[in-house]
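The values are calculated or read from the model by the stated rules, or taken from the named source; none is laboratory data. Note that this is a predicted model, so its numbers are computed, not measured. Every residue, glycine among them, receives a Cβ derived from its backbone with ideal geometry; neighbour counts consider all protein chains shown. To get the accessible areas, we keep the full protein, side chains included, count just its heavy atoms, and leave off ligands, DNA and RNA. Shrake-Rupley method; radii C 1.70, N 1.55, O 1.52, S 1.80 Å.
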Amino acid sequence: MKYQSLKGFRDIFGEDAKTFTFIENAAKSVLGKYNYREIRVPTVESAELFLRSIGETTDIVEKEMYVFNDKGDRKIALRPEGTAGVVRAYVENNLSQKCPSQKFFYIGQMFRQERPQAGRLREFYQIGCEYFGNDSVYADMEVILIAKEILEKIGIKNIKIEINLLGCEKCRPAFANSVKDILKKEFNGLCDDCKKRSEKNPLRALDCKIDREKFSNIEPALCENCKIELEKIKTGLKNSNVDFTISNKLVRGLDYYTKTVFEITSDVLGSQNAVCAGGRYDNLTKELGGPSMPAVGFAIGVDRLVEIINKSESLKIEVVNPDIFVIAIGSEESLKCGFDILTKIRNTGLFSDGGYFTKSLKSQMRLADALNSRFVVIIGDDEIKKNIVVLRDMKTKEQKEVSIEKIIGEVKNVTG
Ligand code: HAM
């Protein structure tokens, strides 16, 4: 019987795996600079956690979550995103007591049972950050700047940053009611999702792909304070050289957001073009049983960044090939000597492979070639007697005898 990975799940190897590591390292270095510390939270949580935080009527919870009962008949879910788990960890471990202001980042798989298509996977990777304990717009700006800096560090250009302010407890209900009124008036012509949203989550209808035209004339009615905050964000980001647009229909598909939300898209991608999204969620920590604690964060979709890199010739990560491949043939003494040489080479830090000594000379050479090794060291009984090895430059095809002590120097002369 042949096994295949499940639809929407995939293996990551070769150059893609390298690109993942490159992106993760770039993100870690930027996040570290801003004092974000790593947090690792479980991949599986109680389903209730996501229901409470992301929202009952959201697509993620209603249609996309992998939910099942475990042997103890507990309803558990594969995490569809990282924020809920980090907030749960923050509350459960009483992290606010040590210092209310805490900054975390995480890297890991998320799971959503969406219809698989280009850019949309059922298992995908996110790099996320969550900043607790700062209710000022300067925290919002910080996370937007971090996202931009990570993308820049990776070399991704032509991104579009869209920002919106959803309003606060004072002004948001009135705005939601005016959207609700339109939904009521248009009810019969609405898509099934918007019909459901009309009562429980009217604002989500604003960025519905099918019905959003119906709201083209509606403007969010922000209170004075929210207007001032939006102005501060605009000025602060302009001063930090961030190109952005204010998009007053941007409403994200997760219910926990309050005030600022943002999304970064890339025109290199197809319809699934969001590479990063985030916003403020000032009520979630309290909602999940913790102290009242403002928070803001984002998550980057790593798979989508890999796709952008793969599509842009200039961004491709350089493949690093071995400097030396060690071949040994003949008596056990030669093979032992080959292995000792390989170990010595590795101890110098050179990138090396070899040790396939039970294979013929021809097939060891073929392997060296397939691995694109720059040099090959060949050792056999004749060479042992003379205390030398044959060093072959696979690029120039030149071959010479060198003493064992000189191998490293000869190779480093060429590879630097
Ligand atoms: P999100 O918008 O659901 O936000 O996801 C963030 C990013 O994850 C998206 O912009 C996209 O790049 C990537 N992504 C989402 N779904 C898929 C998929 N099916 N396949 C591939 N990539 C995908 C969140 O998850 C929030 N937790 C972000 C956040 C953190 N807000 C505050 N803190």
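For the chain, the relative contact order works out to 15 percent when only alpha carbon pairs closer than 8 Å and six or more residues apart are counted. 3J(HN,Hα) along region 218-228, derived from phi through the Karplus expression 6.51 cos²θ - 1.76 cosθ + 1.60 where θ = phi - 60°, amounts to 8, 10, x, 9, 7, 6, 4, 4, 5, 4, 5 Hz, with x in place of Gly and Pro. Given their separation in residues at 0.36 nm each and the Cα-Cα distance between them, THR235 and ASP369 gain 42.5 nm when the chain is fully extended.
Label positions at CYS99 and GLU56, each projected 7 Å from the Cα along the C-beta direction, are separated by 3.9 nm.
FRET efficiency for the pair ARG74 and LYS184, taken as 1/(1 + (r/R0)^6) with r the Cβ-Cβ distance and R0 = 35 Å, rounds to 0.35. Solvent-accessible area assigned to carbon and sulfur over region 236-385 amounts to 49 percent, based on a 1.4 Å probe.
For the chain, build the charge dipole from Cβ charges (+1 Lys, Arg; -1 Asp, Glu) around the Cα centre, then report which of ILE39, GLY354, GLY409 sits farthest towards its positive end. Checking the options against the dipole of the chain, the answer is ILE39. Go through ASN164, TYR138, TYR106 and say which Cα lies farthest out towards the positive end of the charge dipole of region 47-168; charges sit on Cβ, +1 for Lys and Arg, -1 for Asp and Glu. Positive-end residue among those listed: TYR106. Which lysines have a Cα less than 26 Å from the Cα of LYS195, not counting those fewer than 8 places away in the same chain? The qualifying lysines are LYS63, LYS170, LYS180, LYS184, LYS185, LYS209, LYS214, LYS249, LYS259.
All alpha carbon pair distances within region 294-354 were sorted into 5 Å bins beginning at 0; the resulting P(r) in whole percents reads 4, 14, 14, 10, 8, 8, 10, 9, 8, 7, 3, 2, 1, 0, 0. Short-range pairs are left out: with C-alpha atoms under 8 Å and at least six residues apart, the relative contact order of region 17-175 is 23 percent. Extension gain, GLU15-ILE218: 0.36 nm per intervening residue step, less the Cα-Cα distance, totals 68.4 nm.
Counting other Cβ atoms within 10 Å, which GluC sites (Glu not before Pro) in region 269-377 have at most 10 and lie in a DSSP loop?
Working: sites: GLU287, GLU307, GLU313, GLU318, GLU332, GLU333; in loops: GLU318.
Listed in order of number, the matching sites are GLU318.
The listed peptides 241-247, 106-112, ordered by packing as a protection proxy, come out as 106-112, 241-247 (highest mean of other Cβ atoms within 10 Å first).
In the structure shown, do any of LYS33/LYS103; LYS362/LYS412; LYS18/LYS316; LYS71/LYS286; LYS359/LYS412; LYS2/LYS359 have a Cα-Cα gap over 19 Å, and if so which? Show your work: numbers first, answer last.
Values: LYS33/LYS103 12 Å; LYS362/LYS412 26 Å; LYS18/LYS316 10 Å; LYS71/LYS286 31 Å; LYS359/LYS412 28 Å; LYS2/LYS359 29 Å.
Distance filter (> 19 Å) returns LYS362/LYS412; LYS71/LYS286; LYS359/LYS412; LYS2/LYS359.
In the chain, the calculated helix contribution to ellipticity at 222 nm averages -11000 deg cm²/dmol per residue, counting -39,500 (n - 2.57) for every DSSP H run with n ≥ 4. For region 191-255, applying the loop criterion from DSSP together with a ceiling of 10 other beta carbons within 10 Å to the trypsin sites (Lys or Arg not before Pro) yields LYS209. Find the accessible area per residue for the chain; the probe is 1.4 Å, ligands and nucleic acids are left out, and the unit is Å². Per-residue accessible area for the chain comes out at 52 Å². Most tightly packed first, judged by the mean number of other beta-carbon atoms within 10 Å of their residues, the peptides 133-146, 41-54 read 133-146, 41-54.
Working out 0.36 nm times the residue gap between ASP340 and SER29, then minus their Cα-Cα distance, what length gain in nm do you get to one decimal?
On the way: separation 311, 0.36 × 311 = 111.96 nm, distance 3.70 nm.
Residue separation times 0.36 nm, minus the Cα-Cα distance, leaves 108.3 nm.
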